[in-house]
1. Per-residue Cβ counts within 10 Å, from other chains only, averaged over B:49-55: what number is that?
2. How much net charge surrounds B:Ala54 when only other residues with a Cβ under 14 Å from its Cβ are counted (Lys, Arg +1; Asp, Glu -1)?
3. Only Cα pairs under 8 Å and at least 6 apart count here; give the relative contact order of segment A:2-88 as a rounded whole percent.
4. Pick out which of B:Glu57, B:Glu78, B:Glu23 has the largest mean-square fluctuation in a Gaussian network model of chain B, springs linking Cα atoms closer than 10 Å.
5. If you take every residue apart from B:Ala8 with its C-beta less than 11 Å away from the C-beta of B:Ala8, what net charge results, scoring Lys and Arg +1 and Asp and Glu -1?
6. Give me the Kirkwood hydrodynamic radius of chain B, using the inverse of the mean 1/r over all pairs of distinct Cα atoms, in Å to one decimal.
7. Using 7 Å Cα-to-Cβ label points, what is the A:Thr45/A:Asp3 separation (nm, one decimal)?
8. Cut-off is 10 Å between beta-carbons; in what order do A:His40, B:His73 appear when sorted fewest neighbours first?
Protein chains: 2
Amino acid sequence: MADDLFKALADPTRRRILDGLVERDGQTLFEICARLSTRHGSELTRQAISQHLAVLEAADLVRSRREGRYKFHDLNTEPLEQIVTRWLRPTPPENTA
Amino acid sequence: MADDLFKALADPTRRRILDGLVERDGQTLFEICARLSTRHGSELTRQAISQHLAVLEAADLVRSRREGRYKFHDLNTEPLEQIVTRWLRPTPPENTA
DNA sequence: TTGTCAGGCAAGTCGTCACTTGCCTATTGT
DNA sequence: ACAATAGGCAAGTGACGACTTGCCTGACAA
């Protein structure tokens, strides 16, 4: 679980995909490809991106819904929450003795 | 920079090292080895751990200070802050010390 | 129905990463 | 001085990950 999460974040392309989904949620595979190509000079194949999306889905960072021949990808930031809280000193409980 | 950070977090052993440093900061290499061995059943070589520490240092997640023949390793959580804030919807700055 | 568009599966290549082995340096204690 | 301790450097191996190529399925429009 945590393994999938950090593995997913380890790749720069996948991080850029997440960046793109923050800007605009619910993109299709081709939209994501186009974005990576124009925004950043990515020359990756559609299949490459598709595989990246699979990894992101495995980490539950991206969820997909199918509609007809389209498949939309939505960002899920939930898993990110636990990342920092794992290593940050137990934040000062403020008013808990 | 971000590249080093996520690469560093991608490995489970390195994450456990960070866990250990949260518990007890300023450990030496041998202490870290011992911890990984006892706490988790790690049977990794000293050199393996040493290399992991180098990666963590490259990501600035760990800082080391040398004293005589000892080298102490300190956790630095600073780089972790930017992780979540990258993808979380712009959170209200409110408490920026 | 046929062509096109969005996406998927599978195998193969290549590079990188984790880990080991072997040897070396520096500091400390007796 | 000598041995033991804490750590470092470098080359080699094996596995996994990123990416490509080639082909296939399913949905929609003419």
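1. Working: counts 0, 0, 0, 0, 0, 0, 0.
The mean count of partner-chain Cβ atoms within 10 Å per residue comes to 0.
2. On the way: positive: B:Lys7, B:Arg14, B:Arg46, B:Arg63, B:Lys71; negative: B:Asp4, B:Asp11, B:Glu57, B:Asp60.
With Lys, Arg at +1 and Asp, Glu at -1, the net is +1.
3. Values: 85 pairs, mean separation 28.6, N = 87.
It rounds to 33 percent for segment A:2-88.
4. B:Glu23
5. Working: positive: B:Lys7, B:Arg14, B:Arg15; negative: B:Asp3, B:Asp4, B:Asp11, B:Glu57, B:Asp60.
Local charge sum for B:Ala8: -2.
6. One decimal place: 14.4 Å for the Kirkwood radius.
7. About 2.7 nm, to one decimal.
8. Working: A:His40 14, B:His73 22.
Fewest-to-most Cβ neighbours within 10 Å comes out as A:His40, B:His73.
Every number in this text was worked out from the coordinates using simple rules, so none of it is lab data. Bear in mind that the values here come from a model prediction, so they are computed numbers and not experimental data. Methodologically, a virtual Cβ is constructed for each residue, glycine included, from the backbone with ideal geometry; neighbour enumeration extends over all protein chains shown.
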